[in-house]
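Comments concern the structure below.
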Amino acid sequence: MSVHYTLNLRVFWPLVTGFCTALVCLYHVLSGRGGSAEPQDGEDAGFPLLKAILLLFLGYLLLRFRQAARQRFLPRVPQQALTPLSSRLEPGLNVLLESYYEHEVRLSPHVLGHSKAHVSRIVGELVRAGRARGSPGPSPGGTLALAFRGDFIQVGSAYEQHKIRRPDGFDVLVPLRLPPLAALEPRGLGSEPELPLALRGCFVCALKAPPPSPSGGAGSQWHRDSKPFSDGFCVDLRGRRHLSAALVSRWFQTHLQRCLATVRYSLEERCRVSLSPGGLDQPPTLHILPCRTDYGCCRLSMAVRLIPAVHLGDGVFLVAPPLPPPGLPSELPGGLRVEALWGLNTARQEQRLLGWLQERAPPGACHLKCLQLLKALRDLGARGLDPVASSQWGRILSSYTLKTALLTLLLRGDPLHSWEEVHLRERLEELVLYLRDCLLRHRPLFHCFLGRDGAVGLTAEIGQLPKVLREAAPVDLLASFDGRAREFVATQLVSTWRRLPQLLRPYGGPRYLARSPQPRSQRVQVFPEHDP
């Protein structure tokens, strides 16, 4: 193996200058000893030495000037450009990524399957108890009260095959059954120019009154019948009653506590359960702890977020509460109130879209693996940040933002065979570059199911979307963040990518490399299909 050396001119020319100066000094000393020590014809003995040193110094400056001029007129690479240097800086980056994925990112399908089954059994008993109990609600008869619909919907990365690290966190939607008289009229806020950008993706739900009759009796009767529900779960907005996410969440949490008291005794032999209350930006969380007498193979402590949801149709839900930005006032422009805002959940459509893309992709495609590694890269980049910077980093590079970026790249028309396993590093770098451009160049990152862009046109593949989503204004997920925060996150993301070989080297030692001699594309069949 030959080793090539390059000449460092910054060291070479000073050494040459010093060496020549030493030779001239030595020559002057020797000539002074051999000849007459007195100068002849008035000649200054120090002039030849000074002249030689000056000439060497001028030659050095001339060469440095030529080198600087040549570098000045060479084409420069823009500072924001992220060239694919990782393969040249670290030839074993693919092996490092593979070993890091196998030992730090990838979940065991066995453990994940047991965890999901355990969560499904416990949440199922809780929801069935809630349906059987009904709700006292604002109406004594319960006919105009909220209640559990009786089912639950498992959403999130654990059910979309891209969860990382540990199966200790799950999201579950709990659909609510509204009274028959409480028909809703949802409306998106994307076209409200006076609202903060962070709230453009929210919705409000007005109570839909029946059409007026000539006598006017039907409308009056509806108002009298719906008054208990309206007083208990609605607020006034612009002269109409709207369903309040805050009031529904408060009722949901109280009802969950009653249901948990009902099923706690029957669950004691299998696990210990507790419920932590939710807040303004978090739903209540069910904590499942393994029992001492549980000798199962997967004794994990799990946290399940139970999210109240209102069904709009076609698998689309409004969830409470949304995530309002910090410091948001309760009174909003246009007569709106924060407690009446609802968030959107399109998890069913996203699952269908990912399944449709999986069918079109080549066997062993790496798009979900890229998303997992991108989440791990985000976690690596957050190390060493102060609390404020870490909060900005996590809110901008949320898991939903990363998933939306991946779906956008998959839907933009490029052939899916480019997502084969052998192109893992290139596709991961493409995701980093795309996020950087969205942050620095203010390229919009639109929600995939709001407006007429994105995946709305794929109705034959993912099903028909409700009209309220098709007619909603497109929402940029990054529009609410200021320029300084976007620039900081983009710079940190690019820096983390460039330092990736150094960050992954502790996970790529000989004990890992010896166990990963082949690329993963040659052994995909070893793992089950539902492996995230």
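Please treat every number below as a calculation from the coordinates, not as lab data. Values in this document were obtained by computation on a predicted structure and should not be read as measured data. All Cβ positions, glycine included, derive from the backbone under ideal geometry; neighbour counts span all protein chains shown.
What the table shows:
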| quantity | calculated |
| --- | --- |
| FRET efficiency, 1/(1 + (r/R0)^6) with R0 56 Å, evaluated for Asp236 and Leu416 via beta carbons | 0.65 |
| Difference of contour (0.36 nm per residue) and Cα-Cα distance, Leu26 to Leu58 | 9.4 nm |
| Cα point-scatterer Debye curve for the stretch 317-417, base-10 log of I(q)/I(0) at q = 0.12, 0.19 Å⁻¹ | -0.60, -1.06 |
| ³J(HN,Hα), Karplus 6.51/-1.76/1.60, whole Hz, each residue of the stretch 94-110, x for Gly, Pro | 4, 5, 5, 4, 5, 5, 5, 5, 5, 9, 10, 10, 5, 8, 6, x, 5 |
| Ranked by how many other beta carbons lie within 10 Å on average, peptides 403-414, 14-25, 162-173 from highest | 162-173, 403-414, 14-25 |
| Inter-site label distance for Arg121 and Ser301 at 7 Å from Cα along Cβ, in nm | 2.1 nm |
| At 0.692 mPa s and 37 °C, Stokes D of the stretch 337-395 from Kirkwood alpha-carbon radius, µm² per second | 222 µm²/s |
| Packing-based order for 372-381, 479-488, using average beta carbon neighbours within 10 Å, highest first | 372-381, 479-488 |
| Other-chain or far-sequence residues with amide H under 5 Å of Arg272's (modelled H) | Leu289, Cys291 |
